[in-house]
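Asker: Right, I'll just put the structure down here and ask away after.
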């Protein structure tokens, strides 16, 4: 029985392949076209992402990894997991491990969540204003708000230094307000020179928070703008005509319509927050997963632990994204 | 906005859902709507009036504060890159009768000798007597390579998922549009797997992978505005082969999407940091690493000049995108 099945299966595979190589029907030709169109992308994804990721997982459980990859051990994963468990409040005392990984993961999660909520809230306000109000120079506003999307995280961090550093715009403004320095030192006797140290307030966590917002608010705004464009404006007009205040209209008419868009924006913005690295590398106010990851690699070159951490991070991001998209059926493409 | 308004709006008259979208939808065509509850009071109450009065200025104010927060440091950085120093409250633009200075730019571009470690752009290539700093020329080339791969990979996949219906289409679309792997993780995986690959090749492949979603989205939006099926069938019925149809009918019509996708991809690839930081090992430096060195090691004004190079690129690119009918980096909302 089984041999027969195998033969028929083999035969079918062979027939399918033959149909793809030299198609006779239009249906087969179309399938060949789809295959040809999808092949470059699949090839790039396999070569550039799938193979490296598999190798990385192999390294995370390998004994020998410097010259050739071989052997099997779970030290990286065991170390990582016990460190995470040691951080968990109630059961942590039972584990004799340094809770550093639990801590950085917790940092990534709470900081990502806080910045995501703030960015999406701001994004809703901005998208609302851009879509509903007839603002003067709207095209210019859109261009300006989209500008930071093109900036890498390190530049976002530098922008925070420009705002809040020891010679930053805001710092200087308050120094001037306090009368400790003059805007025109040539004209007045008071010419206190500020020192040229690059980072002051920016090392505080609030500075990092604003640095995250700098990259995340524009993204959240444009994800939400797509949603706002699809709103049924008749319902809003009707609500207003029936005497609802603008806030009531927003709360009971607009918000239910944009809710799926908000969920989608939250998911994608949270992903962005988790993957931010350059900003933290410059501002260094909080040890998040990406930052710790870099430390493990550049300082100790502890590849199994780094690979295990990367693997965990990868599984979490993919799982989180797909699960949440599944459960909310939110618009992915914005 | 304010919590007070929320609770006030919720409890008022005890008519939750009186203005729900389903009910109000019925208003325009159905005359008197078949609403269940009572109609909310015409008078919105004092708090309602306050929110109605203040809501709009608050929203507009938030937008303005955000725009200032986002753009003022960019302007300040650009301005400061022409300053002599910034030891006072404002940068010093005039010194010894000289308005502005190009010293910072020259140092950042590596066109003049600087004291101490050479942190410029690693010398300059001379093309017809015009000096092109090696790092910039090299990075722009790398990004261009990434875009080239993206064109080969992104356009076909965008066409396949837009035009055809097949098993696994949704998944393929999701993978093409969502950047699945964060750059820093891809970097480590890549480095260890292809350790013999030259940095340049690795960077190019990484750029193309990480920026593919932007290309796919841009091209897809062009394809979606076309009637692909009709276009393809008309061309085929007139005797064109399928490849000929694809290259001479479909692609020229999607030109706008392809060009704007390529521009966005190129700009983002030129400044890609996370992947480059991990993968780069030898050879000319990628531009983003040059920016990082400037930010972390150099005097403020020289760092400003280095970053302003990128700002200048983005401004030019934005102008190009606007000429194509796009408003800047709107596509970038997806990531």
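No value in this document is a laboratory result; all are computed from the given coordinates. Remember, predicted model here, so these are calculated numbers, not experimental data. Cβ atoms come from the backbone with ideal geometry, glycine included; neighbour counts cover every protein chain shown.
Asker: Figure the gain on full extension for residue A:138 and residue A:96 (residue separation times 0.36 nm, minus the Cα-Cα span) and round it to one decimal in nm.
Answerer: Here the answer is 9.3 nm.
Asker: Moving on. Be a star and scan segment B:57-92 for residues whose amide nitrogen sits under 14 Å from the point 7 Å along the Cα-to-Cβ vector of residue A:240.
Answerer: Taking a point 7 Å out along Cα→Cβ of residue A:240, the residues of segment B:57-92 whose backbone N falls under 14 Å are B:57.
Asker: Angle check, please: helix A:26-45 long axis (alpha carbons) against the longest principal axis of chain A (alpha carbons), in degrees 0 to 90, nearest 10.
Answerer: The angle comes out near 50 degrees.
Asker: Using Cβ contacts closer than 10 Å as the measure, can you line up A:284, B:192 from fewest to most?
Answerer: The fewest-first ordering by Cβ neighbours comes to A:284, B:192.
Asker: At R0 = 45 Å, how high is the FRET efficiency between residue B:256 and residue A:177 if r is their beta carbon distance? Nearest 0.05 is fine.
Answerer: Once rounded, the FRET efficiency stands at 0.35.
Asker: What distance in nm lies between label points placed 7 Å from Cα along the C-beta direction at residue B:244 and residue B:224?
Answerer: 3.3
Asker: Nearest 10 degrees is fine. How inclined is helix A:205-228 to the longest principal axis of chain A, computing both from alpha carbons?
Answerer: On a 0 to 90 degree scale, this one is about 60.
Asker: Where the centroid of each part is defined by its Cα atoms, how far is segment A:228-284 from segment A:163-178 in Å?
Answerer: When both Cα centres are located, 34 Å separates them.
Asker: Would you give the gap between the C-alpha center of segment B:131-159 and the C-alpha center of segment A:11-88, rounded to a whole Å?
Answerer: So the two Cα centres are separated by 25 Å.
Asker: With a/c under 1.5 counting as rounded, go ahead and sort segment A:2-46 into rounded, prolate or oblate using the C-alpha gyration tensor (a ≥ b ≥ c being the square roots of the eigenvalues; past the cut-off, prolate if a/b is larger than b/c, else oblate).
Answerer: Here segment A:2-46 falls in the oblate category.
Asker: Across peptide A:13-23, what mean number of C-beta atoms from other chains lies inside 10 Å of a residue's C-beta?
Answerer: Counting Cβ atoms of other protein chains within 10 Å of each residue's Cβ and averaging gives 0.
Asker: Arranged by the count of other C-beta atoms within 10 angstrom, fewest first, what order do B:140, A:56 take?
Answerer: Fewest to most other Cβ atoms nearby, the residues stand as B:140, A:56.
Asker: Right, here's the next one. What is the spin-label model distance, in nm, from residue A:205 to residue B:297 if the labels are put 7 Å beyond Cα along the C-beta direction?
Answerer: Output for this residue pair reads 3.2 nm.
Asker: Could you give the length gained by full extension between residue A:110 and residue A:301, i.e. 0.36 nm per residue of separation minus their alpha carbon distance, to one decimal place?
Answerer: Working it through step by step, the gained length comes to 66.0 nm.
Asker: Now, a different point. If a paramagnetic tag sat 7 Å from the Cα of residue B:312 along the Cα-Cβ line, which residues of segment B:133-171 would have the backbone N under 13 Å from that point?
Answerer: Answer for this model: B:133, B:136-137.
Asker: A follow-up question, please. Taking each residue in B:51-64, count the Cβ atoms of any other chain within 10 Å of its Cβ, then average. What number comes out?
Answerer: What the average comes to for B:51-64 is 4.
Asker: Moving on to the next point. In peptide B:168-175, what is the residue-averaged number of other protein chain Cβ atoms found within 10 Å of each Cβ?
Answerer: That works out to 3 on average.
Asker: Something else: What whole-number distance in Å separates the alpha-carbon centres of segment B:253-278 and segment A:95-121?
Answerer: 31
Asker: If I stretch the segment between residue A:18 and residue A:35 completely, what's the gain in nm (0.36 nm per residue apart, minus their alpha carbon distance), one decimal?
Answerer: 4.7 nm
Asker: Here is a further query. If I take R0 = 25 Å and measure r between the Cβ atoms of residue B:322 and residue B:144 in this structure, what FRET efficiency does the formula 1/(1 + (r/R0)^6) give, to the nearest 0.05?
Answerer: 0.70
Asker: Please report B:300, A:322 as a ranked list, fewest other C-beta atoms within 10 angstrom at the top and most at the bottom.
Answerer: The fewest-first ordering by Cβ neighbours comes to A:322, B:300.
Asker: Against the longest principal axis of chain A, how steep is helix A:51-60, in degrees 0 to 90 to the nearest 10, with axes from Cα atoms?
Answerer: 80
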